[in-house]
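Asker: I have a structure here, written as structure tokens, and I will follow up with some questions on it.
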Amino acid sequence: MTEPLLRVEELRTHFFTRAGVVKAVDGVSFALERGRILGLVGESGSGKSVTGFSILGLVDPPGRIAGGRILFKGRDLAALPEREMRKLRGAEIATIFQDPAMTLNPVLRIDTQMIEAVVAHAGAGEETARGRALAALRKVGIPAPEERLRAYPHQLSGGMRQRVAIAIALMNEPDLIVADEPTTALDVTIQGQILYEVQRLCRETGTALIWITHDLAVVAAIADEIAVMYAGRIVEYGAAAEVLDRPRHPYTAGLLASVPSRNRKGAPLAQIPGMTPSLLDPPPGCLFRTRCARASAACAADPPPAGGAHAFRCHHPLEAA
Amino acid sequence: MSAAHEAVFPAEAAPARAEANWRRVWREFAESRIALAALAGVILVVLAAVLAPLLAPQNPYDLRQLDILGNLLVPGAKSSAGYTHWLGTDDQGRDMLSGILYGLRISLGVGVASGVIALAAGMTIGLFAAYAGGRVDAFVMRIVDVQLSFPAVLVALILLAVLGRGAEKIVLALVIVQWAYYARTVRASALVELNKEYVAAARCLAFGPARILFRHVLPNCLPPLLVVGTIQTAHAIALEATLSYLGIGMPLTEPSLGRLIANGYQYMLSGKYWISVFPGVALLLAIASINLVGDQLRDILNPRLRR
Amino acid sequence: MTVFVIRRLMQSILVLFAMSAIVFFGVYVVGDPVEILVSHEADEAERARVAAALGLDRPVWVQYFAFLENALGGDLGKSFVFGIPAIQLILQRMPATFELVIVSFVIAVGLGIPLGMYAGYRPNSAGAKTIMAGSILGFSLPTFWVGLMLIMIFAVEMQILPAGGRGPVGSFLGMQSSLFSWTGLGHLFLPALNLALFKLALVIRLARAGMRETLLLDYVKYARAKGLAMRRVVFVHVLKNIMIPIVTVLGLELGSQIAFSVVTETVFAWPGMGKLIIESIDKLDRPVIVAYLLVIVVIFVLINLVVDVLYSVLDPRVRLAAKA
């Protein structure tokens with residue numbers, strides 16, 4: 001078997017606060033092949049964004065990677081010095097953040113922000129970089145790109161800004177893009193367009209994509225594989241169709257049941273009772289047990305991994321239908 | 001009336017809660033060693049000022065105690081009377097340590113007196129502006145804005161050019177410089193408090209504005225007032241020293257630290273540093289420790305910065 | 001917009017009138033300049049003659065209207081002491097003050113922004129703590145005392161810089177300034193540093209706070225995610241953003257810097273407007289006091305007006321609030 005593009009093994013990213021250790025990511029493993037799309041799903045606070053930032057090497061203090069490996073093209077990013085990491089960021093691993101209104105610098109023009117991303121890596125001159133920026137803007141379907149280059153971020157609409165962000169991510173032809181909730185701040189129609197564009201571009205260029213979201217509907221539309229995170233751990237992981245159609249973990253099932261659907265019109269919408277637990281010095285065992293209808297005394301111990309290709313961690317999984 | 005009053009105003013009947021609050025403030029204050037050291041500095045300075053007549057080896061204004069032959073003695077020199085001038089003597093043969101203790105008394109006295117009067121005036125004006133609202137409020141705040149747009153030293157300069165010299169003129173000038181800060185602070189917190197339900201309840205009970213403002217609203221404005229008061233007092237002391245140094249502050253007969261420093265200026269150029277430097281150190285100790293205490297109070301009492 | 005500017009302008013004129021009245025009536029009921037100008041042996045007739053020459057025999061309000069009429073024509077009376085028009089006296093001293101203020105501003109901004117940014121970038125480092133302790137000192141130390149210490153260290157002990165006065169001025173492109181002569185620069189350095197200290201402390205605080213807040217923003221993280229060097233993130237992405245509040249605050253502080261130069265000029269015997277006003281207060285030279293105060297008030301009102309208008313141009317929310 002050839003080595004996948006990205007293999008994350010037992011990643012632990014902890015925040016060492018005054019009040020104690022917050023185990024935001026606590027033993028996460030997954031792999032991603034070239035050109036594939038992984039949907040990383042979870043509620044806010046489940047550790048999905050921190051996982052993304054860990055791969056980018058952008059975890060801010062007091063947080064740091066406390067254990068595990070992030071193998072990217074054979075190199076362990078968790079052990080890479082910042083200087084090497086900087087060369088990778090934006091070049092081989094690009095990113096798209098949640099809110100384009102917040103990620104583009106309000107006082108710098110679009111061209112400045114695009115050109116610097118090229119110049120930082122390619123060693124290209126400013127003119128070459130400008131050409132690449134124009135091409136990238138065209139590729140993501142921005143009309144009149146020359147004009148847009150001279151604009152400031154606030155002069156563009158939300159959807160347009162996110163297209164710019166995608167263009168910046170694509171400019172250096174990365175192997176991997178980490179997209180953290182890139183469509184959450186957008187209108188539904190724009191969201192659809194962006195999803196379509198990103199999927200098309202990834203297929204065309206062979207770029208692998210980690211799509212971090214809380215929205216199962218989005219993941220269903222785009223992902224090849226899905227990893228469901230809860231309280232810093234991956235509780236279910238497998239091919240998208242498998243996980244969505246035949247969930248084994250009660251939490252995944254709960255998430256799916258809480259998505260409004262036309263098929264169950266009139267039926268009351270299911271919800272998961274309770275709240276996400278605090279990750280400050282969490283107790284051992286399955287952290288979902290306090291909210292789980294199927295929980296038993298056995299859940300106080302860590303559930304072993306089960307299921308092979310469609311993996312899950314649960315003492316009382318749902319029947320494989 | 002009492003029972004109904006208790007029911008509507010648990011706040012008035014809850015000194016226990018307030019006490020716990022102050023205990024919390026003290027605990028968080030004590031977390032910073034610098035702040036504790038600063039508080040010790042403030043206590044030291046205040047004690048030195050209050051007890052100056054007892055602590056000073058000499059009364060610097062009692063001409064019979066002055067020894068004109070023992071003038072400009074270096075620090076540590078012995079006087080003809082046999083005791084040591086630890087900080088030297090000035091051109092009149094005054095013991096510098098005594099001069100500084102008495103000067104500190106005057107500097108602190110002027111600073112605190114002006115602070116208390118300005119606080120009382122600014123607080124009252126701010127409270128009533130907030131209560132009256134509308135045009136009265138807008139008018140008062142416009143005056144505050146205009147005044148605060150001029151730096152304190154300039155306003156004080158204008159006032160002293162107009163009023164002339166004297167201790168009471170200095171205090172008056174410092175009050176006029178400061179009242180606007182207090183008025184603005186109190187008004188801002190009072191506006192927030194006035195919108196709360198307990199004030200509406202108090203109005204329903206037909207309490208007069210004075211009672212509502214001073215018994216119900218004011219206690220809740222105290223934390224920011226305490227912070228502004230601390231820092232303003234430090235400003236007032238520095239400003240008084242500056243004006244006295246410029247020769248338009250405290251009169252010669254009541255030399256504050258600023259005047260002592262100015263007196264030593266001519267001797268400094270010939271290397272007799274102690275006449276200017278030691279009063280300066282005393283002044284610095286007073287201002288810096290009050291400022292540090294104020295800074296820490298602001299960090300603790302500002303809800304926006306609560307950790 | 002135009003309405004806003006006109007309204008602000010009207011307010012400014014109102015403030016000017018109010019200040020002129022306060023200043024005039026205030027100053028003209030203090031002391032008696034005849035006492036100072038006329039020798040003690042002079043008889044009553046001599047005194048009356050001097051008083052009449054100075055226009056002091058008329059009622060105060062008549063004097064005020066005459067003063068107002070003249071002031072609008074640019075005539076603020078003659079200095080009792082120097083015998084030349086007060087406004088001319090002040091204008092003569094103005095370049096020295098402006099020179100001092102501008103150089104001190106350059107020092108405050110040039111040192112304050114890098115120091116503050118460093119303190120915000122590495123808030124827990126020993127360097128940052130030293131800088132912040134220095135900034136607290138800068139706020140606490142009275143300007144005049146720092147000035148004295150500077151003189152003692154650099155002029156008395158080390159004897160490398162002059163203790164006061166404004167050395168020779170050089171000439172460059174028709175402008176006269178200490179900046180264009182080496183000796184002049186030597187004379188300028190200590191007073192400018194002294195005047196800069198308070199603003200330096202302020203700029204350090206602003207830059208540090210701005211740095212700390214901005215570093216937490218998403219676009220900084222995003223800039224790093226693009227693989228930019230930290231140098232570029234800090235000096236382009238962060239610096240451009242923190243300059244906006246700093247420039248706004250400094251614009252307003254320009255006026256207070258002119259006022260504060262009173263202290264520094266007195267300490268360093270710098271022949272500017274500030275030293276002049278202190279001497280004039282000492283000698284009750286009322287026309288000069290009044291003229292100085294009015295000039296300062298005009299400068300202040302102008303600066304506030306310009307900053308207000310500029311700000312409302314930059315920020316649409318302010319413009320809307322002003323209309324409401």
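Asker: Output the residues belonging to region C:70-86 that are of a type in the set (S, T, N, Q) and part of a helix (DSSP H, G or I). So that I can check it myself, show each step before the final result.
Answerer: Applying the first criterion (of a type in the set (S, T, N, Q)) to region C:70-86 yields C:70, C:79.
The one that is of a type in the set (S, T, N, Q) and part of a helix (DSSP H, G or I): C:Asn70.
So that you can scan it fast, the table gives a plain yes or no per residue for (1) among the charged types (D, E, K, R); (2) at pLDDT below 85:
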position	(1), (2)
C:Ala209	no, no
C:Glu213	yes, no
C:Arg232	yes, no
C:Leu239	no, no
C:Val247	no, yes
C:Leu250	no, yes
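Asker: Another question, then. Suppose the filter is touching a helix residue (DSSP H, G or I) at 6+ places or on another chain (Cβ under 6 Å) and either in contact (Cβ under 8 Å) with a residue 40 or more places away in the chain or part of a loop (DSSP other than H, G, I, E, B) (or both); does A:Ile70 pass it?
Answerer: Judged against the criteria, A:Ile70 is a match.
Asker: For region B:254-307, give me each residue that is assigned to a helix (DSSP H, G or I), charged (D, E, K, R) and either under 24 Å from the mean Cα position of the chain (by Cα) or at pLDDT 80 or above (or both). Spell out how you get there, then give the answer.
Answerer: Filtering region B:254-307 down to residues assigned to a helix (DSSP H, G or I) leaves B:257-268, B:274-301, B:303-305.
Still in the list and also charged (D, E, K, R): B:259, B:295, B:298-299, B:304.
Listed by number, the residues that qualify are B:Arg259, B:Asp295, B:Arg298, B:Asp299.
Asker: Being hydroxyl-bearing (Ser, Thr, Tyr) and either within 12 Å of chain C (Cβ to nearest Cβ) or surrounded by fewer than 22 Cβ atoms within 10 Å (Cβ to Cβ) (or both) is the filter here; which residues of region B:123-181 pass it? Break it down into steps so the answer makes sense when it comes.
Answerer: We begin by selecting, within region B:123-181, every residue hydroxyl-bearing (Ser, Thr, Tyr); these are B:124, B:131, B:149, B:181.
Of everything in region B:123-181, those that are hydroxyl-bearing (Ser, Thr, Tyr) and either within 12 Å of chain C (Cβ to nearest Cβ) or surrounded by fewer than 22 Cβ atoms within 10 Å (Cβ to Cβ) (or both) turn out to be B:Thr124, B:Tyr131, B:Ser149.
Asker: Another question about this same structure. Can you tell me which of (1) surrounded by fewer than 21 Cβ atoms within 10 Å (Cβ to Cβ); (2) more than 22 Å from A:Val228 (Cα to Cα); (3) among the hydroxyl-bearing types (Ser, Thr, Tyr) is the one A:Thr103 doesn't meet?
Answerer: So A:Thr103 meets the others, but not (1).
Asker: On to the next question. Within region A:64-87, which residues are within 7 Å of chain C (Cβ to nearest Cβ) and either under 24 Å from A:Gly47 (Cβ atoms) or surrounded by fewer than 19 Cβ atoms within 10 Å (Cβ to Cβ) (or both)? Give the steps one after another, and end with the answer.
Answerer: Within region A:64-87, the subset within 7 Å of chain C (Cβ to nearest Cβ) is A:86-87.
Passing the criteria: only A:Lys87.
Asker: May I ask you to verify whether C:Leu215 is more than 11 Å from chain A (Cβ to nearest Cβ) and surrounded by 16 or more Cβ atoms within 10 Å (Cβ to Cβ)? Explain how you work it out, then say what you get.
Answerer: Working: more than 11 Å from chain A (Cβ to nearest Cβ): no; surrounded by 16 or more Cβ atoms within 10 Å (Cβ to Cβ): yes.
When the stated conditions are applied, C:Leu215 does not pass them.
Asker: Moving on. Return only the number of the condition from (1) under 18 Å from A:Gly238 (Cα atoms); (2) surrounded by 16 or more Cβ atoms within 10 Å (Cβ to Cβ); (3) at pLDDT 80 or above; (4) touching a Pro at 6+ places or on another chain (Cβ under 9 Å) that A:Leu318 does not satisfy.
Answerer: In the conditions (1) under 18 Å from A:Gly238 (Cα atoms); (2) surrounded by 16 or more Cβ atoms within 10 Å (Cβ to Cβ); (3) at pLDDT 80 or above; (4) touching a Pro at 6+ places or on another chain (Cβ under 9 Å), A:Leu318 misses (2) alone.
Conditions (1) modelled with pLDDT of 85 or more; (2) touching a helix residue (DSSP H, G or I) at 6+ places or on another chain (Cβ under 7 Å); (3) over 23 Å from C:Ser79 (Cα atoms), marked per residue:
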site: C:Leu254; (1), (2), (3): no, yes, yes
site: C:Pro271; (1), (2), (3): yes, yes, no
site: C:Ile281; (1), (2), (3): no, yes, no
site: C:Asp308; (1), (2), (3): no, yes, yes
site: C:Tyr311; (1), (2), (3): no, yes, yes
site: C:Leu314; (1), (2), (3): no, no, yes
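Asker: Looking only at region A:216-255, count every residue that is in contact with a Ser or Thr (Cβ under 7 Å, 6 or more places away or on another chain) and part of a helix (DSSP H, G or I) and tell me the total.
Answerer: 3
Asker: Could you list, in sequence order, all residues of region A:102-115 that are closer than 24 Å to A:Leu186 by Cα and within 9 Å of chain C (Cβ to nearest Cβ)?
Answerer: To start, the set of residues in region A:102-115 that are closer than 24 Å to A:Leu186 by Cα comprises A:102-111, A:113-114.
The answer is A:Met102, A:Thr103, A:Leu104, A:Asn105, A:Pro106, A:Val107, A:Leu108, A:Gln113.
Asker: Answer yes or no as to whether C:Val109 is assigned to a helix (DSSP H, G or I), surrounded by fewer than 21 Cβ atoms within 10 Å (Cβ to Cβ) and either of a type in the set (D, E, K, R) or away from chain B (no Cβ under 13 Å) (or both).
Answerer: Yes; evaluated as a whole, the condition is true for this residue.
Asker: List the residue pairs whose Cβ atoms are under 8 Å apart, where the first residue sits in region B:81-96 and is basic (Lys, Arg) and crowded, with 24+ Cβ neighbours inside 10 Å, the second is at pLDDT 70 or above and part of a loop (DSSP other than H, G, I, E, B), and the two are 6 or more positions apart or on different chains.
Answerer: B:Arg94/B:Gln58; B:Arg94/B:Pro60
Asker: Taking the options C:Lys221, C:Lys199, name whichever one is assigned to a helix (DSSP H, G or I) and either more than 10 Å from every other protein chain (Cβ to nearest Cβ) or at positive phi (or both).
Answerer: Values: C:Lys221 fails: either more than 10 Å from every other protein chain (Cβ to nearest Cβ) or at positive phi (or both).
Among C:Lys221, C:Lys199, only C:Lys199 is assigned to a helix (DSSP H, G or I) and either more than 10 Å from every other protein chain (Cβ to nearest Cβ) or at positive phi (or both).
Asker: Looking at this structure, is A:Arg163 in a helix (DSSP H, G or I), more than 15 Å from the chain's Cα centre (by Cα) and surrounded by fewer than 22 Cβ atoms within 10 Å (Cβ to Cβ)? Before the answer, list the steps.
Answerer: Details: in a helix (DSSP H, G or I): yes; more than 15 Å from the chain's Cα centre (by Cα): yes; surrounded by fewer than 22 Cβ atoms within 10 Å (Cβ to Cβ): no.
It is false that A:Arg163 is in a helix (DSSP H, G or I), more than 15 Å from the chain's Cα centre (by Cα) and surrounded by fewer than 22 Cβ atoms within 10 Å (Cβ to Cβ).
Asker: Hey, C:Asp57 hits all of (1) closer than 29 Å to C:Pro191 by Cβ; (2) surrounded by fewer than 16 Cβ atoms within 10 Å (Cβ to Cβ); (3) at pLDDT below 75 but one; which does it fall short on?
Answerer: All conditions pass for C:Asp57, except number (1).
Asker: Which one of these does B:Tyr267 not meet: (1) closer than 27 Å to B:Asn21 by Cα; (2) surrounded by fewer than 22 Cβ atoms within 10 Å (Cβ to Cβ)?
Answerer: (1)
Asker: Restricting attention to region A:40-47, does a residue exist that is surrounded by 21 or more Cβ atoms within 10 Å (Cβ to Cβ) and out of contact with any strand residue (DSSP E or B) (no Cβ under 9 Å at 6 or more places or on another chain)?
Answerer: Going through region A:40-47, the residues surrounded by 21 or more Cβ atoms within 10 Å (Cβ to Cβ) turn out to be A:40-42, A:46-47.
Then drop every residue that is not out of contact with any strand residue (DSSP E or B) (no Cβ under 9 Å at 6 or more places or on another chain), which leaves none.
Checked against the condition, which is being surrounded by 21 or more Cβ atoms within 10 Å (Cβ to Cβ) and out of contact with any strand residue (DSSP E or B) (no Cβ under 9 Å at 6 or more places or on another chain), region A:40-47 yields no hits at all.
Asker: If you take the residues in region C:234-280 that are assigned to a loop (DSSP other than H, G, I, E, B) and within 12 Å of chain B (Cβ to nearest Cβ), which one is surrounded by the fewest Cβ atoms within 10 Å (Cβ to Cβ)?
Answerer: From region C:234-280, those assigned to a loop (DSSP other than H, G, I, E, B) are C:268-272; that's our starting set.
Now restrict to residues that are within 12 Å of chain B (Cβ to nearest Cβ): C:268-269.
On the way: C:Phe268: 28, C:Ala269: 14.
By that ranking, first place goes to C:Ala269.
Asker: Just to verify a result, which residue in region A:213-270, among those that are surrounded by fewer than 23 Cβ atoms within 10 Å (Cβ to Cβ) and touching a His at 6+ places or on another chain (Cβ under 6 Å), is modelled with the lowest pLDDT?
Answerer: A:Glu242
Asker: Of the conditions (1) buried (at least 20 other Cβ atoms within 10 Å of the Cβ); (2) at positive phi; (3) over 23 Å from the mean Cα position of the chain (by Cα), A:Glu181 clears all except one; give me its number.
Answerer: Against the list (1) buried (at least 20 other Cβ atoms within 10 Å of the Cβ); (2) at positive phi; (3) over 23 Å from the mean Cα position of the chain (by Cα), A:Glu181 comes up short only on (3).
Asker: Do we have B:Leu104 as under 19 Å from the mean Cα position of the chain (by Cα), surrounded by 24 or more Cβ atoms within 10 Å (Cβ to Cβ) and more than 30 Å from C:Ser280 (Cβ to Cβ) here? Talk me through it step by step, then tell me what you get.
Answerer: On the way: under 19 Å from the mean Cα position of the chain (by Cα): yes; surrounded by 24 or more Cβ atoms within 10 Å (Cβ to Cβ): yes; more than 30 Å from C:Ser280 (Cβ to Cβ): yes.
So B:Leu104 passes the test.
Asker: Let me ask something additional. Which one of these is touching a residue at least 60 places away in the same chain (Cβ under 8 Å) and either within 24 Å of C:Gly227 (Cα to Cα) or within 11 Å of chain C (Cβ to nearest Cβ) (or both): A:Val164, A:Val118?
Answerer: Values: A:Val118 fails: touching a residue at least 60 places away in the same chain (Cβ under 8 Å).
Result of the check over A:Val164, A:Val118: A:Val164.
The values are calculated or read from the model by the stated rules, or taken from the named source; none is laboratory data. As the structure is a computational prediction, the values presented were derived from the model and not from experiment. Positions of Cβ are backbone-derived with ideal geometry, glycine not excepted, and every protein chain shown enters the neighbour counts.
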